[in-house]
């Protein structure tokens, strides 16, 4: 899969949000949602900024800038959300 395929799927299903999911070090799921218009082809390389210090065990506040990068190899439309939502797995990346 690639970014273009994911974006076409989102458009074809009238997705309004993208929900990026990831796990912390103990394996607990976390997620963050963005309006779908913020998901662009460049997002699959540049990612979305996030605060790593708010996730248990990741980073101290002075080194907490992290990126959440969507992984185009897995995506689906959330069958339980009233608002059409594209669900993806996100990889956490240290931008340094």
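The values are calculated or read from the model by the stated rules, or taken from the named source; none is laboratory data. Owing to the predicted nature of the structure, the values given are computational and were not obtained by experimental measurement. We place every Cβ from the backbone using ideal geometry, glycine too, and count neighbours over all the protein chains shown.
A quick yes/no check of all residues on (1) outside any loop (DSSP other than H, G, I, E, B); (2) at negative phi; (3) touching a helix residue (DSSP H, G or I) at 6+ places or on another chain (Cβ under 8 Å); (4) modelled with pLDDT of 95 or more:
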{"position": "10", "(1), (2), (3), (4)": "yes, yes, yes, yes"}
{"position": "22", "(1), (2), (3), (4)": "yes, yes, no, no"}
{"position": "27", "(1), (2), (3), (4)": "no, no, no, no"}
{"position": "41", "(1), (2), (3), (4)": "no, yes, yes, yes"}
{"position": "57", "(1), (2), (3), (4)": "no, no, no, no"}
{"position": "69", "(1), (2), (3), (4)": "yes, yes, yes, yes"}
{"position": "72", "(1), (2), (3), (4)": "yes, yes, yes, yes"}
{"position": "89", "(1), (2), (3), (4)": "yes, yes, no, yes"}
{"position": "96", "(1), (2), (3), (4)": "no, yes, no, no"}
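What number of residues within segment 24-47 satisfy the criterion of being in contact with a strand residue (DSSP E or B) (Cβ under 9 Å, 6 or more places away or on another chain) and within 18 Å of residue 78 (Cβ to Cβ)? Lay out the reasoning, then the answer.
Start the filter on segment 24-47 by keeping residues that are in contact with a strand residue (DSSP E or B) (Cβ under 9 Å, 6 or more places away or on another chain), which leaves 24, 29-36, 38-39, 43-47.
Okay, now just the ones that are also within 18 Å of residue 78 (Cβ to Cβ), so 29-36, 38-39.
Result for segment 24-47: 10.
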Is it true that residue 49 is assigned to a loop (DSSP other than H, G, I, E, B) and without any contact (Cβ under 8 Å) to a residue 24 or more places away in the chain?
no
Subset of segment 65-84 that is within 13 Å of residue 9 (Cβ to Cβ) and within 12 Å of the chain's Cα centre (by Cα) - its residue that is surrounded by the most Cβ atoms within 10 Å (Cβ to Cβ)
70
List pairs: first in segment 7-25 and touching a residue at least 24 places away in the same chain (Cβ under 8 Å), second assigned to a helix (DSSP H, G or I), Cβ under 7 Å, 6+ apart or cross-chain?
10/36; 15/36; 16/36; 17/36; 18/36
